[in-house]
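So the structure is just underneath, and the comments pick up after that.
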Amino acid sequence: MNLSIISWVIYDIGNTLFNAGVTGLFFPLWIITKLNGTDATVGYTLSLALLVSLLISPIVGALSDQTNKRKLFLAIFTFICGISTTFIGNNSIVISLIYYGISVTCLHVGDIFYNSMLKDVSHKNNIGIIGGIGAGVGYFGAIIAILIGLFIIENNGYPVGFMIIGLFIILYGIPILIFLNEKPQQTQNRYIKSSQKLFIRFVKQLSDTMSHIKEFPGLGRFLLARFWYSWALYTASTFTSLYILETIGMSERQIQYLIFTGIVTAIPSALIWGKLVDKFGAKPIISLVLILWIINLALSIGSGVLNLGDNIWWFISGLTGILISGVWSCDRPFMHQLISDEFIGEYFGIHGFTGRLGSIIGTASWGLIATTLNLGQPAALLSLGICILLSLIIIINIDLGTTNEKN
């Protein structure tokens, strides 16, 4: 495995550290247990941050294609994310929420460039396994988050934990900027020539992106499916800790142990899913994963409504780790299968756009259903199961025959 691949894989550790440690665990628990906030406080703050990233993502993706400086953009957004994360919890609640919002925005905008670089470190015969390795190794970031929670935050408080996570994000972002070798990008004549102003160029490219999406059969449907499963999975990842805390009644330490269980199952599972994607293709594997997700959510709802006991959560947590790695091991290879190489940054901007849109609505809907409408967390979890079902129906109906002919 060369340094380009290793550096690409390592970057995912920082991403997962933030997603699992800050968004999925410490930030919600800090808001609820220390600041007397609600699910709506977390959900609406996160939704606003994701809205900003949604508005930026397609523009920045198109801009990166025109300038061929993906690594520079990745460096800028990774650095800002890390620095702003270090300041969460060190100021007033309002300022801390702003810093958190900046971190979320930069992390997800940076994902455009990171995801598009998968083609720089792989080819069509190993894209699944390398993507799976990235997802699997990335879960070491979640292990680091658990260790920070058990040995740093419990003794020194949440602000110190946020500061350490921010520094780690920067640290794990350095190798990809040094060692990854980008492949030359092709350009298309349909875009405005380089002599014209950059703003005009990327605005035209963005408008052309949507008008030419029909040139890639199955892409529109996949992006719609991604909207629904991003809605469900991002929201579930954010609010699972609060669901277990408030509805199930387990402690913060127990929650960290459960998340660790999910991490242990996720790491090897990502590699297995990656191999399965290379062998059978992304569509059948992600379809299987989504079916299992519906079963897992049903168990989670039943546990809260029927009081099935705490022990079932060890099984739910383990299965959750397996299924999260399954979705993300399929997601990027599926996207690469549907588009041509010269449009990687452009369409990964839209890829990020649909994911953020789903995440925005999902996190806001959880706060709306659970807190504002006072229907409770099980009802909010049920809505996520419906989203997964919709995405499954759409993916099953994607015809890859014409796509394979064109690509």
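The values are calculated or read from the model by the stated rules, or taken from the named source; none is laboratory data. Bear in mind that the values here come from a model prediction, so they are computed numbers and not experimental data. FYI the Cβ positions are ideal-geometry reconstructions off the backbone, even for glycines, and counts take in every protein chain you see.
A compact table of results
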{"read-out": "Some residue of segment 58-74 being closer than 20 Å to THR238 by Cβ and at pLDDT 80 or above", "value": "no"}
{"read-out": "In segment 270-289, residue surrounded by the fewest Cβ atoms within 10 Å (Cβ to Cβ) [restricted to those that are modelled with pLDDT of 90 or more and in contact with a Ser or Thr (Cβ under 7 Å, 6 or more places away or on another chain)]", "value": "VAL277"}
{"read-out": "Count of residues meeting criterion [touching a Gly at 6+ places or on another chain (Cβ under 9 Å) and assigned to a helix (DSSP H, G or I)] in segment 373-390", "value": "7"}
{"read-out": "Selected residue (criterion: surrounded by the most Cβ atoms within 10 Å (Cβ to Cβ)) from residues of segment 154-197 that are modelled with pLDDT under 95 and aliphatic (A, V, I, L, M)", "value": "ILE176"}
{"read-out": "Residue in segment 379-387 that is surrounded by 21 or more Cβ atoms within 10 Å (Cβ to Cβ) and at pLDDT below 95 present", "value": "no"}
{"read-out": "Tally, over segment 100-127, of residues that are surrounded by 21 or more Cβ atoms within 10 Å (Cβ to Cβ) and closer than 15 Å to ALA282 by Cβ", "value": "3"}
{"read-out": "Scan of segment 54-77 for residues that are of a type in the set (Lys, Arg), surrounded by fewer than 22 Cβ atoms within 10 Å (Cβ to Cβ) and assigned to a helix (DSSP H, G or I), ordered by number", "value": "LYS71"}
{"read-out": "Extreme residue, surrounded by the fewest Cβ atoms within 10 Å (Cβ to Cβ), among residues of segment 78-97 that are in contact (Cβ under 8 Å) with a residue 60 or more places away in the chain and of a type outside the set (Ser, Thr, Tyr)", "value": "ASN90"}
{"read-out": "Selection status of GLY309, part of a helix (DSSP H, G or I) and not aliphatic (A, V, I, L, M)", "value": "no"}
{"read-out": "Long-range neighbours under 8 Å by Cβ, at least six apart or interchain, first residue among the charged types (D, E, K, R) within segment 1-23, second buried (at least 22 other Cβ atoms within 10 Å of the Cβ) and in a helix (DSSP H, G or I)", "value": "ASP12/TYR114; ASP12/GLY134; ASP12/ALA135; ASP12/GLY138; ASP12/GLY141"}
{"read-out": "Neighbours by Cβ (under 6 Å, 6+ apart or cross-chain): first from segment 24-41, surrounded by 22 or more Cβ atoms within 10 Å (Cβ to Cβ); second not in a helix (DSSP H, G or I)", "value": "ILE31/GLY37"}
{"read-out": "Failed item in (1) modelled with pLDDT of 90 or more; (2) surrounded by 21 or more Cβ atoms within 10 Å (Cβ to Cβ); (3) in contact with a Gly (Cβ under 6 Å, 6 or more places away or on another chain), with TYR44 passing the rest", "value": "(2)"}
{"read-out": "Which numbered condition LEU51 fails, given (1) farther than 21 Å from THR235 by Cβ; (2) surrounded by fewer than 24 Cβ atoms within 10 Å (Cβ to Cβ); (3) in contact with a Leu (Cβ under 9 Å, 6 or more places away or on another chain); (4) not aromatic (Phe, Trp, Tyr)", "value": "(1)"}
{"read-out": "Which listed residue, of ILE88, ILE178, ILE80, ILE152, is at negative phi, within 21 Å of the chain's Cα centre (by Cα), in a helix (DSSP H, G or I) and aliphatic (A, V, I, L, M)", "value": "ILE80"}
{"read-out": "Tally of residues being buried (at least 21 other Cβ atoms within 10 Å of the Cβ) and either small (Gly, Ala, Ser) or at positive phi (or both) across segment 241-263", "value": "2"}
